[in-house]
Amino acid sequence: TKMSVPENTGHLDRFCMEEDADLQFLLSGGDLLKIRSNSWKKHRFYKLNEDCKTMWYKSHKTLRPSNPTFSVDDIAAVRLGRQTEGLRKNTDDKVEGQAFSIMFKSRRKNLDLIASSEEEAKQWVAGLEKIISHMSKLNPQQKTGHWIFNSMCKADKNCDNKMSLKELKSFLQDINIEIDDEYAQELFEKCDHSQGGYLEGEEIEHFYKILTEREEIDVIYTTYAKTNGFMSAENLLEFLQKEQREPASLSDALILIDKYELDGSAKEKKLMTKDGFLMYLHQMEGLIFNPAHKGVHQDMTQPLSHYFISSSHNTYLLEDQLKGPSSTEAYVRALMKSCRCVELDCWDGSDGEPVIYHGYTLTSKILFKDAVQAIKDYAFKTSEYPVILSLECHCSVDQQKVMAQHMIAILGSALVTKPLGDQMPKDFPSPEELKGRFLIKGKRLNKLEDCFTPDASAIEDDDVTEEEESGGEESQEERKEEKPKLKLAKELSDIVIYCKSVHFHGFEDAAARSFYEMSSFKESTAMNLAQDSANKYIQHNVEKLSRVYPAGTRTDSSNYNPVPLWNGGCQMVALNFQTPGLEMDLNQGCFLSNGKSGYILKPAYLMDKDTEFDPVTLTRGGWLKPKTFHVMVISAQQLPKLSKKSTSIVDPLVKVQVFGVPDDVAAKETDYIENNGFSPMWNANFQFHVCVPELALVRFLVEDYDSMTDNDFIGQYTLPFTSLQNGYRHVPLLDKNGDILPCAGLFVHIMVLDD
């Protein structure tokens, strides 16, 4: 018999045993041609492991399979056909139907594969999509059960479906728990009812129950389970109103019981068991992020300048900006993370085809038309709101014409080529009016008012590019003398409608310009304006768009803190999406709400052209809505082991950080817990004062304590302060790339009170 754990853990192995032809095909495995380049194409035998969670391959030169090459959890998508840059470049059109690609959530390269027939390729894709879909539907208890079950199987070295004391210790280390020999012995003897010196069957189930016990949940449940040891709908309602501070009704409580209770007979009696209660706390309604903010809930009919817009810098890069690879895949990744403003750094290419790369560096090149096609294909997969193509154009007039032709041909009617409506607008259209549309940001020869009037085919270009502006200390005039002046093609100029790039010559000059004329600011200039002239910058950004980009000296593609610039009303705070870290965590947290649409409506005081708001001096006004933020960090569950420390157990600590206006920035941290990443408990209480909640973000950071060096990152979660839910809440954790850690999380208690 197979090693087993309780039924409610819902293992994938049972799912895989179903009579499903596609899944059985994956379990049997097959030969695929792996494509890395034009010269590296090798046959590999791929197979889905029996755990239905990991894939492994072997080359035909080795007799034994390698370790699993990847987990199903790591797959972001499976694409049928030659949809990746690698497949298009390195294979012929004739294998279109046989080709497919596996895309990963992390920065790992795509896996490009060719099957022996079109039917086989479809089976691989269908089977993998079924497994991915099923994994995504597992509830947290099922994921935990599956993970524990796999670790148990791994610890069962002699495959006898029994667990010895030695195997139990190996298993505990694998799931990130270190316990002394005495306790391990005590736990083992407690479960070894038959006293046979090993655990099997029901004894393993008993051990599993002890292991997954949540003491902190038991205490809460027992307090409110006042109906013969269970929670009635009335008991649950009391919990929702008193602890969760929700305006709930009895029908809300009954809905939760019906939705999440696992025990059929309890559900029939309108009761909630402890397992059902834990299930509720792990679902959307029990998480820290307010589910009302999960979809688009903000007014999307305001002018474009009234929104923060998720924006990317050097979007084409997968790594650093000196020698890293350029790829259309980088555009796909940014757009799939709801980025709404992407950058195209365009240069003359061979055969009359413009290319994209970081000029004067060793970064590789991609064709402009391929990048535009990738943008078209993935622009509206996660958000239906407009995408802005920010052009950094270094091309000759002839190749500018080619750029315009490609954008018109590929983007078609979705490209905005004239102002909306029948007459010249006085303000920007709204994201709602621009759903599914593309805007071009770039230079324009004439005024928008003259957009239907024939004009000269070229004009001297007096505006500076980002590279020039962020270059050395020499003056703009000196730089102009060194470089021949570029000219602008009318065809390219004509498709720049609402985002005409102009140089910033001060607030007075900008105020006299038309609403559609916008400036880009290098980070140091923008930071100075946000610090020293914050109120004027905010007023400027009410009616004008601003784009901020990282300094040219950031050759490692590092990022800057976007928060002060959002405080200053800047809409497009462009970050290097390819570089993980605090700054991208803040960006992902800021754009977490409003349906992850990539658009966040600014607070009212950032949309008023007469506003007196200044985030630095923070004078009195409607923006001051002081809150006291109480947070108790109670516990964590199933923190992952760090790959570079695979033999050691983590010593976790939690930092709670607040970002916002300068007066609100604060951080507090728990003590570290030695040798327990599985179920550490802190019960640490913190208090913060937040003056401007609408601009605040809260970040929960979990680290592995190290006394000798910097702590190591384990996971984090960032969300808007205004999206916090009160009460007992689970906090999901994301890895450094912003992807969910499947089983890991924090358990906290939140209380936000008006001062």
| query | Taking the condition open to solvent by 10 Å² or more (accessible area, probe 1.4 Å), modelled with pLDDT of 95 or more and in contact with a Lys or Arg (Cβ under 8 Å, 6 or more places away or on another chain), does residue 387 pass? | reply | no
| Within the bounds of segment 454-464, is there any residue that is assigned to a loop (DSSP other than H, G, I, E, B), at pLDDT 75 or above and not basic (Lys, Arg)? | no
| remark: Flagged in segment 418-448 as at pLDDT 95 or above and of a type in the set (S, T, N, Q), in numbering order, are 430
| request: Kindly state which helices (runs of 4 or more DSSP H) lie completely within segment 100-189 and contain at least 2 residues that are modelled with pLDDT of 85 or more and open to solvent by less than 40 Å² (accessible area, probe 1.4 Å). | output: 118-137
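Which residue out of 286, 276 is more than 26 Å from the chain's Cα centre (by Cα) and within 30 Å of residue 217 (Cβ to Cβ)?
Just one listed residue meets the conditions, 276.
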| remark: Reported set for segment 525-570 where residues are open to solvent by 10 Å² or more (accessible area, probe 1.4 Å), under 23 Å from the mean Cα position of the chain (by Cα) and hydroxyl-bearing (Ser, Thr, Tyr) is 558
| task | List every residue pair whose Cβ atoms sit under 8 Å apart, with the two residues 6 or more apart in sequence or on different chains, where the first one lies in segment 391-412 and is in contact (Cβ under 8 Å) with a residue 24 or more places away in the chain and the second, anywhere, is among the polar types (S, T, N, Q) and buried (at least 22 other Cβ atoms within 10 Å of the Cβ). | result | 393/400
| task | Hey, could you check segment 63-99 for residues that are open to solvent by less than 70 Å² (accessible area, probe 1.4 Å), over 15 Å from residue 330 (Cα atoms) and polar (S, T, N, Q) and say which is modelled with the lowest pLDDT? | result | 66
| Those residues of segment 720-739 which are closer than 19 Å to residue 702 by Cα and out of contact with any Asp or Glu (no Cβ under 9 Å at 6 or more places or on another chain), in sequence order | 724, 729, 730, 731, 732, 733, 735, 737
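Yes/no per residue for (1) touching a helix residue (DSSP H, G or I) at 6+ places or on another chain (Cβ under 9 Å); (2) surrounded by fewer than 24 Cβ atoms within 10 Å (Cβ to Cβ); (3) part of a loop (DSSP other than H, G, I, E, B):
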site: 359; (1), (2), (3): yes, yes, yes
site: 362; (1), (2), (3): no, yes, yes
site: 398; (1), (2), (3): yes, yes, no
site: 407; (1), (2), (3): yes, no, no
| message | Residues that are at pLDDT 90 or above, under 26 Å from residue 301 (Cβ atoms), of a type in the set (Ser, Thr, Tyr) and out of contact with any Lys or Arg (no Cβ under 7 Å at 6 or more places or on another chain): does segment 603-613 have at least one? | response | yes
| query | Does residue 370 qualify as being outside any loop (DSSP other than H, G, I, E, B), open to solvent by 30 Å² or more (accessible area, probe 1.4 Å) and free of Cβ contacts under 8 Å to residues at least 24 places away in the same chain? | reply | no
| request: Could you please give the count of residues in segment 304-348 that are open to solvent by less than 20 Å² (accessible area, probe 1.4 Å) and assigned to a loop (DSSP other than H, G, I, E, B)? | output: 11
| Matching residues in segment 534-556 - criterion: being over 12 Å from residue 314 (Cα atoms), of a type in the set (Lys, Arg) and assigned to a loop (DSSP other than H, G, I, E, B) | 544
| message | I need the full set of residues from segment 411-446 which are assigned to a helix (DSSP H, G or I) and surrounded by 20 or more Cβ atoms within 10 Å (Cβ to Cβ), in order please. | response | 411
| message | Among the residues of segment 691-712, are any within 24 Å of residue 215 (Cα to Cα) and open to solvent by 30 Å² or more (accessible area, probe 1.4 Å)? | response | no
| remark: Residue hits (segment 654-695; under 18 Å from residue 718 (Cα atoms) and aromatic (Phe, Trp, Tyr)) are 659, 686, 688
| said: Can you confirm whether residue 31 is among the charged types (D, E, K, R) and modelled with pLDDT under 90? | reply: no
| Do the conditions hold for residue 584, that is, is it within 25 Å of residue 537 (Cα to Cα) and crowded, with 24+ Cβ neighbours inside 10 Å? | no
| message | Can you confirm whether residue 667 is open to solvent by 10 Å² or more (accessible area, probe 1.4 Å), closer than 27 Å to residue 583 by Cβ and touching a residue at least 24 places away in the same chain (Cβ under 8 Å)? | response | no
| request: For segment 646-678, enumerate the residues that are small (Gly, Ala, Ser) and assigned to a strand (DSSP E or B). | output: 666, 667
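Say we look at segment 615-660 and pick out the residues that are small (Gly, Ala, Ser) and more than 20 Å from residue 212 (Cα to Cα); which of these is most open to solvent (accessible area, probe 1.4 Å)? First the steps, then the outcome.
To start, the set of residues in segment 615-660 that are small (Gly, Ala, Ser) comprises 621-622, 635-636, 643, 646, 648, 660.
Adding the requirement that they be more than 20 Å from residue 212 (Cα to Cα) leaves 621-622, 643, 646, 648, 660.
Numbers: 621: 31, 622: 57, 643: 111, 646: 74, 648: 46, 660: 7 Å².
Applying the filter and picking the extreme gives 643.
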| Matching residues, segment 328-376, being closer than 28 Å to residue 435 by Cα and among the charged types (D, E, K, R) | 329, 333, 337, 340, 343, 345, 369, 370, 376
| task | Output the number of the condition that residue 584 fails; it satisfies all remaining conditions of (1) in contact with a Phe, Trp or Tyr (Cβ under 8 Å, 6 or more places away or on another chain); (2) part of a loop (DSSP other than H, G, I, E, B). | result | (2)
| message | The conditions are (1) within 17 Å of residue 587 (Cα to Cα); (2) touching a strand residue (DSSP E or B) at 6+ places or on another chain (Cβ under 7 Å), and residue 294 fails exactly one of them. Which is it? | response | (2)
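The values are calculated or read from the model by the stated rules, or taken from the named source; none is laboratory data. Note that the structure is predicted; figures quoted are calculated from it, not measured. Positions of Cβ are backbone-derived with ideal geometry, glycine not excepted, and every protein chain shown enters the neighbour counts. Heavy atoms of the whole protein, side chains included, go into the accessibility calculation; ligands, DNA and RNA do not. Shrake-Rupley method; radii C 1.70, N 1.55, O 1.52, S 1.80 Å.
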